[in-house]
Structures are given as structure tokens and as C-alpha cells.
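This report concerns only the one structure given below.
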Amino acid sequence: MTHSTLPETQAPSRLRCIQCGYEADHAAADFRCPNCGNLFEVAFPGWQTPQGLKAAGYTAQALKDFWRDRKSSLAPADTSGVWRFRELLPSLKPGYDPITLREGNTPLYDLPRCARAAGVRALQAKHLGMNPTGSFKDTGMTTAASFARQKGFRWVACASTGNTSASMAAYAARGGMRSLVLIPDGKISWGKLSQSLDYGAVTCQLRTDFDGCVKVLNELVKRRPIYLLNSVNPYRLEGQKTAAIELLEQLNWQPPDHLIVPGGNLGNSSALGKALLEMKDLGLIARLPKLSVIQAEGANPFYRSIREHGGKTLVPTAADTLATAIRIGNPASWKKALRAVQATQGLVEQVSEVEIALAKAEIGSDGVGCEPASAVTLAGLKKLVQQGFAQPDETVVLVLTGHVLKDPEFTLKFHRGDLFTGTAQEKDAAALVPQQRAPFVLDATVDAVLKTLDQFEAKDENA
């Protein structure tokens, strides 16, 4: 146990079922409500005061001042882009420091080329792939792993399509815990798998898909003292919600008209939606942006739930998409995400594999880059503009969730032109040729290089 550097400015919290409202201080190993089986969320009853809602007793302006001033602090909790906003987070007990890798603090980029491609005047991207392990998962893992260590767990575990496992393994190692990773055999990027191995995780490749890994994990945590770190863990989502708080701070607390998020297991869209609603209730922002969730056509159970069942039920699907981070057919947090989309009057849309590949290349052309799952946001924005839901003069922020180096195989195959060879999308993939930049193999002479440059410039002039 270490002496805490966290000042006592956090408010007491409880766990509350999202369906029946049952409240508890602790949850079972699977984080399910004992009454109805639905998920818990973190609630802050202490925010209610005679003067209205106040986080830790502070006004909205006082909170903004605290968070701004902490940027000049060198204390570990203040250099974290998550724990800097600790008044809106559940409290660690006195004597415990957070496990931090200085997560958060991610950039907000302008995307002028992507704006033209989407048909909007201006476009920005909040790039959560610039976190320490290369994905948004770090913002939630710092909180959930910290609570795991506080509770005395030696082992933590997750089922993963790659990003969760990399993040969990890193934070477990940082916090002196052991980690167990369950991944679907042959269905994740080698770049992501290599991270888990390097951080010391016990990695099991199961002959099933992601949802099958989840089933095994849920049984495992009931039979051994292992702390579950998937996004059903509500402490994960508390950390992830700080990305929205940081974004609004970067925008001087002026919300965009639209916030567009990839949809996989739907924990991140749930977390960002929770943050938006809390910020509105606390007076930190004056209005809500529309939160829209975009899924891949081959992994679209949430989209189908909205279109076919009005969001009343979700039918699991056999997920199949090259955007491996969102290759999930039975998203655990769909009810939370539905609430976020409805409360902000957003939409749920789907995009094709070719549309994802094109959007990824277009984001790269702005010098930013992202993994394939992140690119569904730009592809989805194009559809929202075509439908008239997003107007050309409205402000839009895309949430990019993973670094471009998370899936280099996808990028290399795209530029070689064989990403869709032998697939049903091969004919449609002809539209991708103008974006492809395969390397040139030349003789080692200046003339050969100059000839290639001249050909490339001529091609650009004729484009």
C-alpha cells in the first residue's frame, strides 16, 4: 500500500442497475445486478445538494479552474488525463494511488481533406489512439485496474479482440498484478497480440469468436478470484468518460453539433454518453451534442436492433469484419449505448468494408492515421450528411479509438491492392485504387527515382 497523493475532492459513489435501479456498494464477479441480471453503472448520490447538482460540492466554474490548474502540476494523478478530472470519478480509498501511465491527454486534430470528402465545412478528430498502449482502452483501464488492486486481487482478466488485452496487460504489469487474456484464435491483429505478450500476460487463444471468449471468462471469474476487466466493469466506463470531458475542455466547453463514435462492444459510446449527460446536469456545458454510433455491416447487431426492433431487444449476430476491434456480435453495453444515443438524439448507422477502407485511407491523407475500426466514423459521417442528418455547416468531431500501427497488415494489404482479393467486395474495391500507394521497386539510381517522381506528379496534375 502506498500513501495517496489524491486530495479528498472526490464524491462517494454507489453501483446502480441500469434497468431496475437496484443500488449496491459492491458487485458480483460478473458485475450483473442480482435482481434482474442487467449491468451496473456508477452513480454519485453525493452530487445532490440544496443548490442543485455539484460534483464534490463544487460549482461548474470551480471544477473547470481545478482541472486547468492541474495541468501545471507534476503529481502523477494530475499528469493523468483521467485522474485530473477526479471530481467526476469514483474515489479510491485513502492510502491508494491510481495505476497510471499518463493516459488521456490526447490531441484534437483538424481534418481538412476528410472534411471535403464528407461534404462538411470543418471536421475534427479526437484521437484516443494516442494513449500509451495505442487505444482508448487505457482511459478506462487506469480506473478499473486501480480498483482491482485496491480490492486486493492478484489476477485480472479480459476477453479481447486485441486492444483491451494490450491495455489490461500493461496496467496490470504497472500495478504489480498478473493478467490473463482470452482472445479468439486467428482473429486479432498480430500487432495487438504482441503487446499483450510483451507486457507479460498469460495469453490463451481460444477456438471461438470474441463472444465465445466472453462466455468462458464469465464462468472463470466465478470459479477463481480473478477480477474481470472487460467493459461490463462499470469502473472501466468511468475512466473512459473522461475523454469527453477532455474534449469539451479542448473546445472551450462549446459542444460540437455531432460526436461520432465507432460501435463494437458499445462500452465507449456508453461512457462518452454518460459523460455528456453528467456535464450537462452539472452545468459544465449548455447543450448536448448528438452522439451517433457507427457499426460495420458485418458486425451490426446494434444497428439491426434499432432498425428491426426499435431498440427493444438485440439479437446476437455472427460478426465478420476486417475492422477487428469492432468484430463483436453480442455487445454487452447495448442498453447503455441506446440510452446515450436516444438522450442526445443521435443515430446508429452501418458502413461497408470498402467504405471503411476508403475512409481509413482518407484519414491517413490528413497525416493522422488510425486503425480500421476508427475509420467507420468518417464513413458514417458521409452517410449522415447524405441523409441530411448532419448539415455541411455543423461542427463535427470524430472519435478515433486506435492507433494506425495497431493493424499494419490491413494497411499494407490495402496499398498493395489485395485487401479484398477473392472476396465479395473485390469488384467494389476498384474504387479504392486512387488512394493506394504501393511502394516502387527501382534500380538504385537517381534517374530511376526522378522518373518515378515525374510520373507521380503527372498523375497528380491529371487527377
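Close amide H partners of Y227, meaning residues 5 or more places away or on another chain with modelled amide H under 5 Å apart, are W155, V156, A157. Each Cα pair of the stretch 1-144 feeds into the Kirkwood radius, which the Stokes-Einstein equation turns, at 37 °C and 0.692 mPa s, into a diffusion coefficient of 186 µm²/s. The radius of gyration of the Cα set in the stretch 338-386, together with its Dmax, comes out at 12.0, 35 angstrom.
The modelled label-to-label distance for the pair N105/R207, using points 7 Å beyond Cα in the direction of Cβ, is 4.6 nm. DSSP finds beta bridges in the chain, and of those with both partners inside it, around 30 percent are antiparallel. Here is the P(r) of the stretch 308-378: all C-alpha pair distances, binned every 5 Å from 0, give 3, 14, 20, 21, 19, 14, 6, 2, 0 in whole percents. Shape summary: the chain maps onto an equivalent ellipsoid whose semi-axes, from the alpha-carbon gyration tensor, are 36, 25, 23 Å in decreasing order.
For the stretch 77-158, the fraction of C-alpha pairs farther apart than 15 angstrom is 64 percent.
Across all directions, the shadow cast by the convex hull of the stretch 361-463 built on its C-alpha atoms averages 9.3 square nanometres.
In order along the stretch 418-431, the phi-based Karplus estimate (6.51 cos²θ - 1.76 cosθ + 1.60, θ = phi - 60°) of 3J(HN,Hα) comes to 10, 4, 10, 4, x, 10, 5, 8, 4, 5, 5, 5, 4, 5 Hz; Gly and Pro are listed as x.
Among all stretches of the chain without exposed GluC sites (Glu not before Pro) (DSSP loop, at most 16 other Cβ atoms within 10 Å), which one is longest? Here the longest segment lacking exposed loop sites spans 9-425. In the chain, the DSSP-assigned H stretches of four residues or longer account for a calculated mean residue ellipticity at 222 nm of -11000 deg cm²/dmol, using -39500 (n - 2.57) per stretch and the full residue count as denominator. On full extension, the segment bounded by R223 and A424 gains 68.0 nm, given 0.36 nm per residue less the C-alpha separation.
Read the figures in this text as sums done on the coordinates, not as results from a lab. Just so it is clear, the model here is predicted, and its values are computed rather than measured. Note that each Cβ is placed from the backbone with ideal geometry, even for glycine, and that neighbours are counted across all protein chains shown.
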